[in-house]
Each structure stands twice: as C-alpha cells, then as structure tokens.
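The structure under discussion appears below in the form of structure tokens.
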Amino acid sequence: MRVDIVSIFPAFFDVLDVSLIGKARDRGLLDIRVHDLRAWTHDRHRTVDDTPYGGGAGMVMKPEPWGEALDEILTPDALLIVPSPAGERFAQPLARALADEAHLVFACGRYEGIDQRVVDHFAATHRVRSISLGDYVLNGGEVAAMAMVEAVSRLVPGVVGNPESLVEESHESGLLEYPSYTKPATWRGHEVPPVLLSGNHGEIARWRREQSVARTRMHRPDLLD
Ligand code: 6GU
C-alpha cells in the first residue's frame, strides 16, 4: 500500500520509522511518503494560511499550495482523506475498507481547516472522504492521520506478524476485548482468574465472551444496541 501525507509539520510523522510500521516500511509492505506543504508555496514567507472570508477567529489554509501539492501527489485511483472534526466518524469497519485501498493521500489541515474549494475541486476527479476520529477537537489533522495510518496499516496483510492477533481484538467482533493476564499467577496478592489456568478451552472461551459482554455493557452500552 502507498500512503502520502501532506502537512506543514512533517516531523509529526517521524515516529512512522519505528515499531511495526517502521518494519513494514523496511520490508516494502508500506510505501509511506511524508511531504511538507510549504514545498508548494512560492512567496518568501512560504505562506499557507490567510484570514477567513466572512470574518471570524482563526486562519484558513489557502487553496493554492494544496492544489499544487495534490496535483503532483494524487494518482488516478488514490483515495484523498481530509482529517476533520467535521467529517464522518472513523471506526474499525472504515479502517478495514481503507486497508483494501492501493493508495491513500492524507491532507492534514491546521488552523480552522482548508479552503472548502480544495475538497470540492478534487472531488470532481477523485474519491474524497473527510474523516473525524471522534467528538473532540485536535489542533490539526496530523495526530488524526497518524491514528488512521496505524489502524489501517496493521490490517494490511503481512504488517502484523501473527494474523490471529487481529481476530480477538476490541471492535473486531463488535464487542470490547476481554482482559488478558500473563505470569506470575499471583502478583501483589492478585490472582489470575482460575478458569484461565484450567486448560479447559471451552470454559475459557465462554468466560472470555462473558467478560467481553460485561465490559461492553459497562463502558460502551451503545455497541450492544
Ligand atoms: Cl480528524 N481533526 C481535528 N482537527 N480534530 C479532530 C479530528 C480530526 N478528529 C477528532 N477531532
């Protein structure tokens, strides 16, 4: 999978060199390219923002650098993703859909967002999705893009070494994941639930299912509807 990320803070993405994603890049499973939007400015101050038409607080990202950057980066079959708190909600089914794409391009806005004409313009030739992580406000699209890149990358075949570890996770079944334990069997007086030491795989599967349902009822009753 190819992923391009355009931002005025490319350093946010330095950590994509490490851990599972860094290894997947080294192995050629992920082709991730990070770009500084200011490379497509032409004035001495490398200006990327201006005051909003109609007034109001904050600044809006100018359309011209975005137009030139995306003209250069978008391939015909690319999916353009604009992280925005005003977008559709990101969740595991959308992560799975994005993992099937050949080329994702993330346009990370700062300030009050990107001039709307950028999305409107590229929507005429490309698939464009504005996507939100959830109901809270970040300073820009960078951290949201990082979260999406990680959630999608780990679903790309070969990125996660043991594909079985993808099956029993929170949100894959529609429920939250059951609690996990490892050695020692007693730690600071806390015991591991005895059923997990029983060797009875049917009992263990039933207990884990009950734990998943109980956790979901406690923390995310909306998922049970
Ligand atoms: Cl995608 N962007 C920003 N700026 N804030 C957010 C978000 C995205 N998702 C949740 N909050």
Worksheet entry | Selection status of Glu164, of a type in the set (Asp, Glu) and surrounded by 13 or more Cβ atoms within 10 Å (Cβ to Cβ) | no
Practice prompt. Within region 32-56, track down each residue that is surrounded by 14 or more Cβ atoms within 10 Å (Cβ to Cβ), of a type in the set (D, E, K, R) and under 24 Å from the mean Cα position of the chain (by Cα).
Written response: Asp36, Arg38
Worksheet item: Out of all the residues in region 143-161, which are under 15 Å from Tyr111 (Cα atoms) and surrounded by 15 or more Cβ atoms within 10 Å (Cβ to Cβ)?
Response: Ala144
Practice prompt. Determine if region 14-26 includes at least one residue that is in a loop (DSSP other than H, G, I, E, B), among the hydrophobic types (A, V, I, L, M, F, W, C) and touching a residue at least 24 places away in the same chain (Cβ under 8 Å).
Written response: no
Worksheet item: Going through region 185-199 one residue at a time, which ones are in a loop (DSSP other than H, G, I, E, B) and exposed (fewer than 10 other Cβ atoms within 10 Å of the Cβ)?
Response: Arg188, Gly189, Gly199
Response to the item:
Within region 151-171, the residues that are in a loop (DSSP other than H, G, I, E, B) and either of a type in the set (Ser, Thr, Tyr) or within 20 Å of Ala24 (Cα to Cα) (or both) are Arg154, Leu155, Val156, Pro157, Gly158, Val159, Val160, Gly161, Asn162, Val167, Ser170
Practice prompt. Name the residue, out of Val152, Val119, that is closer than 14 Å to Val82 by Cα and among the aliphatic types (A, V, I, L, M).
Written response: Val119
Worksheet item: Of all residues in region 80-91, which are surrounded by fewer than 15 Cβ atoms within 10 Å (Cβ to Cβ) and under 19 Å from Val156 (Cβ atoms)?
Response: Ala91
Discussion item. Among the residues that make up region 32-43, is at least one of them over 27 Å from Gly67 (Cα atoms) and either β-branched (Val, Ile, Thr) or modelled with pLDDT of 95 or more (or both)?
Written reply: no
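Would you mind finding the one in Met148, Met218 that is outside any loop (DSSP other than H, G, I, E, B) and out of contact with any strand residue (DSSP E or B) (no Cβ under 8 Å at 6 or more places or on another chain)?
On the way: Met148 fails: out of contact with any strand residue (DSSP E or B) (no Cβ under 8 Å at 6 or more places or on another chain).
Of Met148, Met218, the one residue that is outside any loop (DSSP other than H, G, I, E, B) and out of contact with any strand residue (DSSP E or B) (no Cβ under 8 Å at 6 or more places or on another chain) is Met218.
Results for (1) exposed (fewer than 14 other Cβ atoms within 10 Å of the Cβ); (2) of a type in the set (Ser, Thr, Tyr); (3) under 24 Å from Asp31 (Cβ atoms); (4) within 14 Å of the ligand (Cβ to nearest atom), shown as yes or no for each residue.
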position	(1), (2), (3), (4)
Ala107	no, no, yes, yes
Gly113	no, no, no, yes
Gln116	yes, no, no, no
Val119	no, no, no, yes
Arg129	no, no, yes, yes
Gly141	no, no, yes, yes
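The values are calculated or read from the model by the stated rules, or taken from the named source; none is laboratory data. The structure presented is a predicted model; accordingly, all values stated were derived computationally and were not measured. For neighbour counting, all protein chains shown are included, and Cβ atoms are generated from backbone atoms with ideal geometry for every residue, glycine included.
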